[in-house]
Amino acid sequence: NAGVMQNPRHLVRRRGQEARLRCSPMKGHSHVYWYRQLPEEGLKFMVYLQKENIIDESGMPKERFSAEFPKEGPSILRIQQVVRGDSAAYFCASSQTGTSYEQYFGPGTRLTVT
Amino acid sequence: GQQVMQIPQYQHVQEGEDFTTYCNSSTTLSNIQWYKQRPGGHPVFLIQLVKSGEVKKQKRLTFQFGEAKKNSSLHITATQTTDVGTYFCAGDRGSTLGRLYFGRGTQLTVWP
(Lines give C-alpha, C1' and ligand atoms only; values in the text may rest on other atoms or scores of the structure.)
Protein backbone atom coordinates (compact mmCIF):
# COMPACT_ATOMS: atom_id res chain seq x y z
CA ASN A 1 0.00 0.00 0.00
CA ALA A 2 2.37 2.64 -1.28
CA GLY A 3 1.87 6.17 -0.08
CA VAL A 4 2.44 9.32 -2.05
CA MET A 5 5.76 9.11 -3.83
CA GLN A 6 7.94 11.98 -4.88
CA ASN A 7 11.21 12.05 -6.71
CA PRO A 8 13.84 13.08 -6.60
CA ARG A 9 14.08 13.58 -2.86
CA HIS A 10 16.90 16.07 -3.28
CA LEU A 11 17.63 18.13 -6.35
CA VAL A 12 20.45 20.57 -6.91
CA ARG A 13 20.29 22.96 -9.82
CA ARG A 14 22.38 25.90 -10.92
CA ARG A 15 20.70 29.20 -11.56
CA GLY A 16 19.07 29.22 -14.97
CA GLN A 17 18.56 25.47 -15.19
CA GLU A 18 15.25 23.67 -15.17
CA ALA A 19 13.87 21.61 -12.29
CA ARG A 20 11.32 18.83 -12.79
CA LEU A 21 9.66 17.42 -9.71
CA ARG A 22 7.51 14.32 -9.89
CA CYS A 23 4.66 13.14 -7.72
CA SER A 24 2.79 9.86 -7.87
CA PRO A 25 -0.39 9.98 -5.79
CA MET A 26 -1.64 7.19 -3.61
CA LYS A 27 -3.40 4.39 -5.42
CA GLY A 28 -6.97 5.36 -6.11
CA HIS A 29 -6.34 9.08 -5.63
CA SER A 30 -6.93 11.35 -8.59
CA HIS A 31 -6.51 14.72 -6.88
CA VAL A 32 -3.05 16.21 -6.46
CA TYR A 33 -1.98 19.35 -4.62
CA TRP A 34 1.45 20.96 -4.72
CA TYR A 35 2.77 23.03 -1.79
CA ARG A 36 6.01 24.90 -1.29
CA GLN A 37 7.70 25.23 2.08
CA LEU A 38 10.42 27.77 2.69
CA PRO A 39 12.74 27.22 5.68
CA GLU A 40 10.88 27.69 8.98
CA GLU A 41 7.69 28.58 7.15
CA GLY A 42 4.37 26.87 6.71
CA LEU A 43 3.33 25.23 3.50
CA LYS A 44 1.98 27.50 0.79
CA PHE A 45 -0.50 26.17 -1.72
CA MET A 46 0.63 26.31 -5.32
CA VAL A 47 -1.67 24.31 -7.54
CA TYR A 48 -4.45 21.72 -7.50
CA LEU A 49 -4.80 19.25 -10.35
CA GLN A 50 -6.95 16.38 -11.37
CA LYS A 51 -6.10 14.02 -14.18
CA GLU A 52 -5.48 16.14 -17.29
CA ASN A 53 -6.93 19.25 -15.65
CA ILE A 54 -5.60 22.17 -13.67
CA ILE A 55 -8.34 23.08 -11.24
CA ASP A 56 -6.74 25.88 -9.25
CA GLU A 57 -3.34 27.41 -9.98
CA SER A 58 -3.87 30.61 -8.08
CA GLY A 59 -0.96 29.94 -5.74
CA MET A 60 1.59 29.31 -8.46
CA PRO A 61 3.81 32.09 -9.84
CA LYS A 62 2.70 32.94 -13.35
CA GLU A 63 6.17 32.91 -14.79
CA ARG A 64 8.61 30.00 -14.91
CA PHE A 65 6.32 27.58 -13.05
CA SER A 66 4.01 25.04 -14.62
CA ALA A 67 2.30 21.86 -13.53
CA GLU A 68 0.61 18.96 -15.20
CA PHE A 69 -1.06 15.71 -14.28
CA PRO A 70 -1.33 13.60 -17.41
CA LYS A 71 -3.70 10.74 -17.95
CA GLU A 72 -0.84 8.32 -17.46
CA GLY A 73 2.12 8.87 -15.20
CA PRO A 74 2.97 11.16 -12.32
CA SER A 75 2.14 14.78 -11.79
CA ILE A 76 5.03 17.06 -12.73
CA LEU A 77 5.91 20.44 -11.29
CA ARG A 78 8.29 22.22 -13.62
CA ILE A 79 10.37 25.26 -12.74
CA GLN A 80 12.22 26.89 -15.60
CA GLN A 81 15.27 29.12 -15.23
CA VAL A 82 15.52 28.51 -11.50
CA VAL A 83 16.69 31.28 -9.19
CA ARG A 84 18.05 31.07 -5.63
CA GLY A 85 14.68 32.07 -4.24
CA ASP A 86 13.20 28.84 -5.62
CA SER A 87 15.21 26.85 -3.08
CA ALA A 88 12.61 25.19 -0.89
CA ALA A 89 10.93 21.92 -0.09
CA TYR A 90 8.16 21.06 -2.50
CA PHE A 91 5.50 18.70 -1.22
CA CYS A 92 2.69 17.13 -3.09
CA ALA A 93 -0.39 15.73 -1.44
CA SER A 94 -3.10 13.55 -2.83
CA SER A 95 -6.66 12.94 -1.84
CA GLN A 96 -9.40 10.67 -2.97
CA THR A 97 -12.23 13.15 -2.98
CA GLY A 98 -10.85 16.53 -3.93
CA THR A 99 -11.64 17.96 -0.54
CA SER A 100 -9.21 19.05 2.10
CA TYR A 101 -9.94 16.02 4.25
CA GLU A 102 -6.91 13.85 4.82
CA GLN A 103 -4.59 15.06 2.16
CA TYR A 104 -1.73 12.59 2.32
CA PHE A 105 1.65 14.19 1.83
CA GLY A 106 4.62 12.77 0.04
CA PRO A 107 8.15 12.96 1.44
CA GLY A 108 8.91 16.10 -0.52
CA THR A 109 11.62 17.22 -2.92
CA ARG A 110 14.24 19.51 -1.43
CA LEU A 111 15.39 21.82 -4.20
CA THR A 112 18.63 23.71 -3.78
CA VAL A 113 19.60 26.31 -6.34
CA THR A 114 23.28 27.20 -6.34
CA GLY B 1 -0.77 37.92 3.13
CA GLN B 2 -0.80 35.48 5.98
CA GLN B 3 -4.37 34.31 6.45
CA VAL B 4 -3.81 31.78 9.18
CA MET B 5 -1.72 32.97 12.09
CA GLN B 6 -0.11 30.53 14.46
CA ILE B 7 1.69 31.21 17.72
CA PRO B 8 4.16 30.74 19.22
CA GLN B 9 6.69 30.12 16.47
CA TYR B 10 8.99 28.26 18.85
CA GLN B 11 8.42 26.52 22.17
CA HIS B 12 11.02 24.84 24.34
CA VAL B 13 9.77 22.73 27.21
CA GLN B 14 11.15 20.30 29.74
CA GLU B 15 9.91 16.77 29.33
CA GLY B 16 6.73 16.40 31.35
CA GLU B 17 5.59 19.99 30.89
CA ASP B 18 2.51 20.88 28.91
CA PHE B 19 2.51 22.58 25.51
CA THR B 20 -0.09 24.60 23.63
CA THR B 21 -0.10 26.10 20.16
CA TYR B 22 -2.76 28.49 18.91
CA CYS B 23 -4.13 29.12 15.48
CA ASN B 24 -6.22 32.08 14.33
CA SER B 25 -7.84 32.70 10.97
CA SER B 26 -8.95 36.02 9.54
CA THR B 27 -11.96 34.30 8.00
CA THR B 28 -14.42 31.63 9.07
CA LEU B 29 -13.23 28.15 8.26
CA SER B 30 -15.25 25.16 7.15
CA ASN B 31 -12.78 22.93 8.92
CA ILE B 32 -9.33 23.00 10.41
CA GLN B 33 -6.69 20.33 10.35
CA TRP B 34 -3.55 19.73 12.35
CA TYR B 35 -0.36 18.21 11.04
CA LYS B 36 2.94 17.24 12.61
CA GLN B 37 6.22 17.46 10.77
CA ARG B 38 9.38 15.95 12.17
CA PRO B 39 12.71 17.58 11.24
CA GLY B 40 13.51 16.65 7.65
CA GLY B 41 10.16 14.92 7.29
CA HIS B 42 6.84 15.64 5.71
CA PRO B 43 3.55 16.78 7.25
CA VAL B 44 1.57 13.95 8.78
CA PHE B 45 -2.14 14.39 9.27
CA LEU B 46 -3.22 14.34 12.91
CA ILE B 47 -6.85 15.36 13.01
CA GLN B 48 -9.65 17.36 11.43
CA LEU B 49 -12.15 19.52 13.31
CA VAL B 50 -15.38 20.49 11.62
CA LYS B 51 -17.99 21.56 14.14
CA SER B 52 -18.14 24.82 16.06
CA GLY B 53 -16.78 24.30 19.57
CA GLU B 54 -15.57 20.80 18.77
CA VAL B 55 -13.06 19.15 21.08
CA LYS B 56 -11.21 15.98 20.16
CA LYS B 57 -8.62 14.00 22.10
CA GLN B 58 -5.89 11.67 20.98
CA LYS B 59 -4.15 10.28 24.05
CA ARG B 60 -2.19 13.25 25.41
CA LEU B 61 -3.26 15.60 22.61
CA THR B 62 -6.38 17.76 22.86
CA PHE B 63 -7.64 19.71 19.86
CA GLN B 64 -10.23 22.49 20.03
CA PHE B 65 -12.12 24.42 17.38
CA GLY B 66 -13.52 27.77 18.42
CA GLU B 67 -17.18 28.65 18.51
CA ALA B 68 -16.79 31.10 15.65
CA LYS B 69 -14.75 28.57 13.65
CA LYS B 70 -11.90 31.04 13.34
CA ASN B 71 -9.49 29.73 15.92
CA SER B 72 -8.14 26.47 17.14
CA SER B 73 -5.66 25.08 19.60
CA LEU B 74 -3.60 21.98 20.18
CA HIS B 75 -2.62 21.10 23.71
CA ILE B 76 -0.18 18.37 24.63
CA THR B 77 -0.18 17.17 28.23
CA ALA B 78 3.06 15.94 29.80
CA THR B 79 5.27 16.24 26.73
CA GLN B 80 7.67 13.49 25.78
CA THR B 81 10.79 13.65 23.62
CA THR B 82 8.85 11.87 20.89
CA ASP B 83 6.60 14.94 20.62
CA VAL B 84 9.45 16.94 19.08
CA GLY B 85 8.57 18.46 15.72
CA THR B 86 6.67 21.29 14.13
CA TYR B 87 2.93 21.40 14.52
CA PHE B 88 0.92 23.08 11.79
CA CYS B 89 -2.68 24.07 11.64
CA ALA B 90 -4.27 24.26 8.22
CA GLY B 91 -7.61 25.83 7.49
CA ASP B 92 -10.07 25.10 4.74
CA ARG B 93 -12.19 28.10 3.81
CA GLY B 94 -14.73 25.87 2.17
CA SER B 95 -14.82 27.46 -1.24
CA THR B 96 -11.53 26.50 -2.73
CA LEU B 97 -11.79 22.82 -3.54
CA GLY B 98 -9.50 21.45 -0.94
CA ARG B 99 -6.99 24.25 -0.78
CA LEU B 100 -5.48 24.43 2.68
CA TYR B 101 -4.12 27.58 4.28
CA PHE B 102 -1.27 26.62 6.59
CA GLY B 103 -0.07 28.48 9.62
CA ARG B 104 3.68 28.99 9.99
CA GLY B 105 3.84 26.23 12.54
CA THR B 106 5.07 25.94 16.09
CA GLN B 107 8.42 24.23 16.45
CA LEU B 108 8.43 22.21 19.66
CA THR B 109 11.65 21.22 21.37
CA VAL B 110 11.48 18.91 24.37
CA TRP B 111 14.45 18.66 26.72
CA PRO B 112 14.86 15.35 28.51
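The values are calculated or read from the model by the stated rules, or taken from the named source; none is laboratory data. Computed from a predicted structure; not experimentally measured. Please note: Cβ atoms are built from the backbone with ideal geometry, for glycine as well, and neighbour counts cover all protein chains shown.
Structure notes:
- Out of B:LYS57, B:LYS36, one residue alone is modelled with pLDDT of 95 or more, under 12 Å from the mean Cα position of the chain (by Cα) and basic (Lys, Arg). It is B:LYS36.
- Exactly one residue out of A:ARG15, A:ARG22 is in a strand (DSSP E or B) and away from chain B (no Cβ under 14 Å), and it is A:ARG22.
- Residue satisfying all of: in segment A:23-41; charged (D, E, K, R) and either in contact (Cβ under 8 Å) with a residue 60 or more places away in the chain or surrounded by fewer than 17 Cβ atoms within 10 Å (Cβ to Cβ) (or both); nearest to A:ALA67 (Cα to Cα) among these: A:LYS27
- Reported count of residues in segment B:33-87, each being within 11 Å of chain A (Cβ to nearest Cβ), aliphatic (A, V, I, L, M) and part of a strand (DSSP E or B), is 3.
- The single condition among (1) part of a strand (DSSP E or B); (2) of a type outside the set (Ser, Thr, Tyr); (3) more than 10 Å from the chain's Cα centre (by Cα) that B:ALA90 does not meet is (3).
- Boolean, A:ARG110 is within 14 Å of another protein chain (Cβ to nearest Cβ), in contact with a Lys or Arg (Cβ under 9 Å, 6 or more places away or on another chain), over 20 Å from B:TYR101 (Cβ atoms) and not in a helix (DSSP H, G or I): yes
- Residue that is nearest to B:TYR101 (Cα to Cα) [pool: residues in segment B:1-24 that are in a strand (DSSP E or B) and within 13 Å of another protein chain (Cβ to nearest Cβ)]: B:VAL4
- If you go through segment B:65-78 and keep only what is crowded, with 17+ Cβ neighbours inside 10 Å and either out of contact with any Ser or Thr (no Cβ under 9 Å at 6 or more places or on another chain) or under 20 Å from B:GLU17 (Cα atoms) (or both), you end up with B:SER73, B:LEU74, B:ILE76.
- Among the residues of segment A:77-97, those identified as touching a Phe, Trp or Tyr at 6+ places or on another chain (Cβ under 8 Å) and either surrounded by 16 or more Cβ atoms within 10 Å (Cβ to Cβ) or of a type in the set (Phe, Trp, Tyr) (or both) are A:LEU77, A:ILE79, A:TYR90, A:PHE91, A:CYS92, A:ALA93, A:SER94, A:SER95.
- Evaluated against (1) within 11 Å of another protein chain (Cβ to nearest Cβ); (2) surrounded by 18 or more Cβ atoms within 10 Å (Cβ to Cβ); (3) under 12 Å from the mean Cα position of the chain (by Cα), A:LYS44 falls short on exactly one condition, (2).
- Considering segment A:1-22, the residues that are among the small types (Gly, Ala, Ser) and more than 22 Å from B:VAL44 (Cα to Cα) include one that is surrounded by the fewest Cβ atoms within 10 Å (Cβ to Cβ), namely A:GLY16.
- So A:TYR104, is it surrounded by 14 or more Cβ atoms within 10 Å (Cβ to Cβ), among the aromatic types (Phe, Trp, Tyr), in contact (Cβ under 8 Å) with a residue 60 or more places away in the chain and within 12 Å of chain B (Cβ to nearest Cβ): yes
- Of the strands (runs of 3 or more DSSP E) lying entirely inside segment A:58-100, those containing at least 1 residues that are among the acidic types (Asp, Glu) span A:65-68.
- Among the criteria (1) within 11 Å of chain B (Cβ to nearest Cβ); (2) of a type in the set (D, E, K, R); (3) touching a Ser or Thr at 6+ places or on another chain (Cβ under 9 Å), the one A:ARG36 does not fulfil is (3).
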